[in-house]
Amino acid sequence: GEDVEQSLFLSVREGDSSVINCTYTDSSSTYLYWYKQEPGAGLQLLTYIFSNMDMKQDQRLTVLLNKKDKHLSLRIADTQTGDSAIYFCAENNFNKFYFGSGTKLNVKP
Amino acid sequence: GAVVSQHPSWVICKSGTSVKIECRSLDFQATTMFWYRQFPKQSLMLMATSNEGSKATYEQGVEKDKFLINHASLTLSTLTVTSAHPEDSSFYICSARDIDRGEYEQYFGPGTRLTVT
């Protein structure tokens, strides 16, 4: 599979912003995604960005894509305790999805 | 819309037995479904791509004779773990692509937790 990397942990206080970073290797990826996984559950699509875009905003979520550096980030504004979960970035390469290792976000009250 | 179900949600089986996991697209048709496995505290690893009416394509390192995939209809794919061993214990997740939508999205099932004793 493709190489998608993320930092493993992030801890923030409720109300702060969270920024989760991801790097990928395949420049031919057409779409890049952020998924959320709560304990024992499947994946929930949060947002995605087409590779020719630099930024996408969706309510509290902002995705930034630096295609030159192959860097993707997810910013969650006003982070809530309910945002505590594992966040995966993924790239779509010829319709196959390759996932990063996941970043565990811990939100302290 | 775009709901994918898996059955069972969890299963415990004895070593040496076979286990079948179903993945269904409930409100859309899916010519392509994908099977992933996830070890505890690790990422999802793509195992194979299941194509309706044809053979599945397996990722490198995945034993096709051990993980049998059948995609008999546009709404159902099955994964059979044959002669299961404790090291096959994992969380298996399927996803499906809606043929009427673009390539950009896959819909994920809730996962099946397999424990082999």
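For chain B, taking Cα atoms only, what is the radius of gyration to one decimal and the Dmax to the nearest whole Å?
Radius of gyration, then largest Cα-Cα span, for chain B: 13.4, 41 Å.
Enter the mean number of other protein chain beta carbons within 10 Å of the beta carbon of each residue in A:89-102, as an integer. Each step should come with its number before you reach the end.
Numbers: counts 1, 4, 0, 4, 0, 2, 7, 7, 9, 5, 7, 2, 4, 5.
Average per residue, whole number: 4.
Return the aspartates and glutamates within reach of residue A:70: Cα separation strictly under 19 angstrom, same-chain partners fewer than 8 residues apart disregarded; answer none if there are no such residues.
Output for residue A:70: A:2, A:3, A:5, A:26, A:54, A:91.
Of all accessible surface on chain A at a 1.4 Å probe, what whole percent is carbon and sulfur?
Answer for chain A is 49 percent, counting heavy atoms of protein chains only.
Just going by the charge dipole of region B:1-114, with Lys and Arg at +1 and Asp and Glu at -1 on Cβ, which of B:86, B:32, B:8 is farthest out on the positive end?
B:86
What quantity of accessible surface, computed with a 1.4 Å probe and excluding non-protein components, is buried in total between chains B and A, in Å² to the nearest 100?
1600
Sorted by packing (mean other beta-carbon atoms within 10 Å per residue), highest first, where do A:92-103, A:36-47, B:39-50 land?
Ranking, from highest mean packing down: A:92-103, B:39-50, A:36-47.
In this model, which of A:96/B:20; A:56/B:66; A:104/B:14; A:67/A:96 are farther than 30 Å apart at the alpha-carbon? Each step should come with its number before you reach the end.
Working: A:96/B:20 23 Å; A:56/B:66 42 Å; A:104/B:14 32 Å; A:67/A:96 19 Å.
Where the Cα-Cα span goes over 30 Å, the pairs concerned are A:56/B:66; A:104/B:14.
List the GluC sites (Glu not before Pro) within region A:3-109 that fall in a DSSP loop (any state other than H, G, I, E or B) and whose Cβ has at most 14 other Cβ atoms within 10 Å.
Answer by residue number: A:14.
With a 1.4 Å probe and all protein chains left in place, how much accessible area per residue does the protein assembly as shown have, in Å²?
Details: 10990 Å² over 226 residues.
Spelled out: the 1.4 Å probe surface of the protein assembly as shown, per residue, equals 49 Å².
In the full protein assembly as shown, how much of residue B:12 is accessible to a 1.4 Å probe, in Å² to the nearest 10?
Per-residue accessible area (residue B:12): approximately 110 Å².
List the aspartates and glutamates whose Cα lies under 13 Å from the Cα of residue A:108, skipping any in the same chain that are fewer than 8 positions away.
A:14, A:16, A:78, A:83
Expressed in nm², what is the orientationally averaged projection area of the convex hull enclosing the Cα positions of region A:52-106? Show your work: numbers first, answer last.
Numbers: hull surface 18.5 nm².
About 4.6 nm², averaged over all directions.
Cα-based Rg of the protein assembly as shown per 2.2 N^0.38 Å, rounded to two decimals?
1.02
Sorted by mean Cβ packing within 10 Å, highest first, what order do the peptides A:51-57, A:20-26 take?
Listed from highest to lowest mean packing, they are A:20-26, A:51-57.
The values are calculated or read from the model by the stated rules, or taken from the named source; none is laboratory data. Predicted, not measured: the structure shown is a model, and the values here were computed from it. Glycine also receives a Cβ, built like all others from the backbone with ideal geometry; neighbour counts cover every protein chain displayed. In case anyone asks, the SASA skips ligands and DNA or RNA and just uses the protein heavy atoms, side chains included. Shrake-Rupley method; radii C 1.70, N 1.55, O 1.52, S 1.80 Å.
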